[in-house]
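Read the structure below first, then the notes.
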């Protein structure tokens with residue numbers, strides 16, 4: 001299968017390119033002029049050098065491909081509060097690209113986010129599945145939710161075949177090492193200072209994310225499938241304790257945060273329809289931190 005991939009040089013994108021390559025697909029990657037590319041040179045069969053804001057890249061990106069994986073995000077616009085660019089690049093350009101994919105009868109996998117959820121309704125009893133309405137709490141989450149809604153409209157008007165993947169916080173070795181989740185914790189623990197960060201999060205390994213994104217292209221799954229990717233919940237205190245054990249530095253750690261979240265995401269459909277089982281748990285985080293500690 002010939003696949004177009006946006007965001008191909010980023011953390012998740014590079015892992016997806018590797019998964020596609022392993023599965024025998026040919027990959028045409030969209031890359032920004034300023035993006036580092038050495039880590040994906042052997043994974044991308046073709047490249048289109050352009051920004052999502054450049055609409056002239058859309059036709060060449062999709063020419064001759066059978067599927068589109070849309071993963072690109074302009075994080076600078078989001079983080080800098082540049083609403084006009086955020087709406088143009090992350091929302092409008094995405095909708096235009098997906099509209100072109102629908103008119104070309106391509107299969108689409110959209111990399112969304114659990115950020116489409118913020119206000120979670122009590123009648124779901126803490127187990128959030130694909131039927132829960134999207135109620136985002138940020139411009140980023142609202143953008144993802146809006147694109148999801150447009151996918152449904154393209155399914156109705158053009159019979160677009162699509163899958164939505166919603167990862168939680170993704171851990172793994174980032175091509176930019178300092179951005180890997182846990183890198184700052186390793187640095188802090190090594191100072192020997194007390195660790196007081198409260199709370200935690202829902203986490204999933206980048207390899208499981210990549211497998212979940214590629215799998216809809218390989219198996220017969222219902223269009224419109226929505227899959228949450230959340231392997232386990234871990235407090236930052238638990239991350240710090242693992243790091244403390246790994247680097248053999250004893251520190252004071254505040255463990256007073258709740259040990260479980262109010263809500264967790266349903267992943268049964270992920271295993272049933274895509275054959276991806278999220279079962280690394282805390283052991284998976286520890287294995288990752290052991291590798292990360294040798295690099296930091």
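The values are calculated or read from the model by the stated rules, or taken from the named source; none is laboratory data. Since this is a predicted model, take the numbers as computed values, not measurements. Quick reminder, even Gly has a Cβ in these numbers, built from the backbone with ideal geometry, and neighbours come from all protein chains shown.
Worth a mention:
- For the residues 121, 91, the requirement of being surrounded by fewer than 22 Cβ atoms within 10 Å (Cβ to Cβ), more than 25 Å from residue 175 (Cα to Cα) and under 17 Å from the mean Cα position of the chain (by Cα) singles out 91.
- Residue within region 79-99 that is in contact with a helix residue (DSSP H, G or I) (Cβ under 6 Å, 6 or more places away or on another chain) and part of a loop (DSSP other than H, G, I, E, B) present: no
- In summary, helices (runs of 4 or more DSSP H) completely within region 139-215 and bearing 2 or more residues that are modelled with pLDDT of 95 or more and closer than 19 Å to residue 118 by Cβ occur at 139-158.
- Among the candidates 190, 104, 166, 197, residue that is in contact with a helix residue (DSSP H, G or I) (Cβ under 7 Å, 6 or more places away or on another chain), under 13 Å from residue 265 (Cβ atoms) and surrounded by 13 or more Cβ atoms within 10 Å (Cβ to Cβ): 166
- For region 52-75, the set of residues classified as at pLDDT below 95 and within 19 Å of the chain's Cα centre (by Cα) consists of 52, 72, 73, 74, 75, listed by residue number.
- Matching residues, region 148-163, being within 17 Å of the chain's Cα centre (by Cα) and buried (at least 20 other Cβ atoms within 10 Å of the Cβ): 162, 163
- Residues in region 218-234 that are touching a helix residue (DSSP H, G or I) at 6+ places or on another chain (Cβ under 9 Å) and at pLDDT 95 or above: 226, 227, 228, 229, 230, 231, 232, 234.
- Of all residues making up region 114-141, the number that are over 16 Å from residue 228 (Cβ atoms) and touching a residue at least 24 places away in the same chain (Cβ under 8 Å): 2
- Applying a threshold of 6 Å to beta carbon distances and a minimum spacing of six or more residues, or different chains, the list of pairs starting in region 266-284 at a residue that is over 19 Å from residue 217 (Cβ atoms) and ending at one that is in a helix (DSSP H, G or I) reads 278/208.
- Among the conditions (1) free of Cβ contacts under 8 Å to residues at least 40 places away in the same chain; (2) more than 21 Å from residue 1 (Cβ to Cβ), the only one that residue 252 does not satisfy is (1).
Residues checked against (1) out of contact with any strand residue (DSSP E or B) (no Cβ under 6 Å at 6 or more places or on another chain); (2) closer than 25 Å to residue 163 by Cα; (3) crowded, with 19+ Cβ neighbours inside 10 Å:
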{"position": "252", "(1), (2), (3)": "yes, no, no"}
{"position": "257", "(1), (2), (3)": "no, no, no"}
{"position": "264", "(1), (2), (3)": "yes, yes, no"}
{"position": "268", "(1), (2), (3)": "yes, yes, no"}
{"position": "277", "(1), (2), (3)": "yes, yes, no"}
{"position": "289", "(1), (2), (3)": "yes, no, yes"}
{"position": "292", "(1), (2), (3)": "yes, no, yes"}
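- Residue 23 vs. criteria touching a residue at least 24 places away in the same chain (Cβ under 8 Å) and touching a helix residue (DSSP H, G or I) at 6+ places or on another chain (Cβ under 9 Å): yes
- Complete set of residues in region 1-31 that are in a loop (DSSP other than H, G, I, E, B), crowded, with 19+ Cβ neighbours inside 10 Å and out of contact with any strand residue (DSSP E or B) (no Cβ under 6 Å at 6 or more places or on another chain): 7, 10
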